[in-house]
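Read the figures in this text as sums done on the coordinates, not as results from a lab. Just so you know, these numbers come straight off a predicted model, no measurement behind them. Cβ sites come from the backbone with ideal geometry, for glycine too, and all protein chains shown count toward neighbours.
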Amino acid sequence: MTKDGKFEAIGVVGCGLMGSGIAQACATAGYPTQVAEVSEERLKPGLESIRKSLEKFQSKGQISGEQAAAIQGRLRPTTRLEDLAGCDLVIEAIVENLAAKRELFARLDGRLRPEAVFASNTSSLPITEIMTATRRPERFVGLHFFNPVALMPLVEVVRTVATDAGVYEQVVAFAASLGKTPVRTGDRSGFIVNRLLIPYLLDAVRALEEGAGSMEDIDRAMKLGCGYPMGPFTLLDFVGLDTTYYAAEIMYNEFRERRFAPPPLLKRMVLAGWHGRKAGRGFYDYRQPGPPRPVALG
């Protein structure tokens, strides 16, 4: 960390969809970035996705080949948490599971310097519940990036009641240094975006269950009537039905309000493995060439 409090070395734990994107954003901004995963087998796909993403930027003339090589050169993959010991800021981007996140941060707590800052990329879990697994509550924040990280400009920076004000401003400045737009928010499940978005998506499913319209017509209505780039069912498939379901469960457990309760249809589709685009099928079927077709839900 520099004398003026700026972070110099970044660690990212998790190299999946979100972790790889966060690592790419950090390296693109010039930060040496340690990327940790549990195994080489988990690291390889994430690093390959970064390479392909940089190739796309290069093909569009947004970066040069030299810049792409420099970005990749700043990434330091590892399977050892000990290799993060020199990091000023460590961002966690593992599975959306409270116990797993608490276990990880408890392990990191004893391996990093006391002045290092911890951040979780959770989209819905209360930061305070994760924070209490460490002995540095004043140096713990939420940093919620959005998918795809390389393209989405927003980062929610989450402050708990224990977060030091100076540390919080350091992290806000860090998010801005990535070329992102940071928004400040408090530690309430779902923060800003998901607190408003999840009830909208769940209401769309309820409207479908209750016969308000077909999924295609509901999607068209929200695109053309509200100017949204995607209708709710297309967005659900893009985000992941499982991701939405688990986020809704977390928020319902926090607030106990019906608007956060997952509808039965969403639960049945998640149990069936129809998780959206990544699974080839959600509200629409993506398994055949051409435009996706609405699925007959019976």
(message) Can you give me the long-range amide H partners of Val117? Hydrogens built in the peptide plane at 1.01 Å from N, cutoff under 5 Å, separation of 5 or more residues or another chain.
(response) Leu89, Val90
(request) Go through 7-18, 286-297 and give me the packing order, highest mean Cβ count within 10 Å leading. (result) 7-18, 286-297
(message) Tell me the net charge near Ile192. Cut-off is 10 Å between Cβ atoms, Ile192 excluded, with +1 for each Lys or Arg and -1 for each Asp or Glu.
(response) +2
(request) Quote the charge dipole size of the chain about the Cα centre in Debye, to the nearest 20; the model charges only the Cβ of Lys and Arg (+1) and of Asp and Glu (-1). (result) 240 debye
(request) With everything on Cα atoms, drop me the angle between helix 17-28 and the longest principal axis of the chain, reported from 0 to 90° to the nearest 10. (result) 40 degrees
(message) Which of Gln72, Gln62, Gln170 ends up with the largest GNM mean-square fluctuation for the chain, with Cα atoms connected below 10 Å?
(response) Gln62
(request) Could you tell me how many degrees, from 0 to 90 and to the nearest 10, lie between the Cα long axis of helix 165-177 and the main elongation axis, the longest principal axis, of the Cα atoms of the chain? (result) 70 degrees
(message) Projecting each Cα onto the charge dipole of the chain (Lys/Arg +1, Asp/Glu -1 at the beta carbon, about the Cα centre), which of Gly273, Val158, Pro199 comes out farthest on the positive side?
(response) Gly273
(message) Using the basic label-point model (7 angstrom from Cα toward the beta carbon), what is the Ala162 to Leu197 distance in nanometres?
(response) 2.8 nm
(message) So I have (i) 19.0; (ii) 21.5; (iii) 16.4, and one of them is mean projected area of the Cα convex hull in nm² calculated from this model. Which one is it?
(response) (iii)
(request) Using a cut-off of 13 Å between beta-carbons, work out the net charge of the residues near Arg287 (Lys and Arg +1, Asp and Glu -1, Arg287 not included). (result) +2
(message) Set the bar at 32 Å for Cα to Cα. Now go through Lys6/Lys278; Lys6/Lys223; Lys180/Lys267; Lys52/Lys267; Lys52/Lys101 and name every pair that lies beyond it.
(response) Lys6/Lys278; Lys6/Lys223; Lys180/Lys267; Lys52/Lys267
(request) Find the relative contact order for region 10-186 and round it to a whole percent, using C-alpha pairs within less than 8 Å whose residues are 6+ positions apart. (result) 21 percent
(message) As a test, work out the antiparallel percent of DSSP beta bridges whose residues both lie in the chain, rounded to the nearest 5.
(response) 25 percent
(request) Work out the FRET efficiency for Arg113 and Glu55 from their Cβ-Cβ distance, taking R0 = 35 Å, and round it to the nearest 0.05. (result) 0.45
(message) Full-extension gain between Leu265 and Leu98, please, as 0.36 nm times their residue separation minus the C-alpha to C-alpha distance.
(response) 57.6 nm
(message) Compute the distance from the alpha-carbon center of region 256-298 to that of region 155-223, in whole Å.
(response) 21 Å
(request) Report, to the nearest 10°, how far helix 193-209 tilts away from the longest principal axis of the Cα atoms in the chain, using its own Cα long axis and a range of 0 to 90°. (result) 20 degrees
(request) Quick one: compute the contact order of the chain, relative version, from alpha carbon pairs under 8 angstrom and 6+ residues apart, as a percent. (result) 13 percent
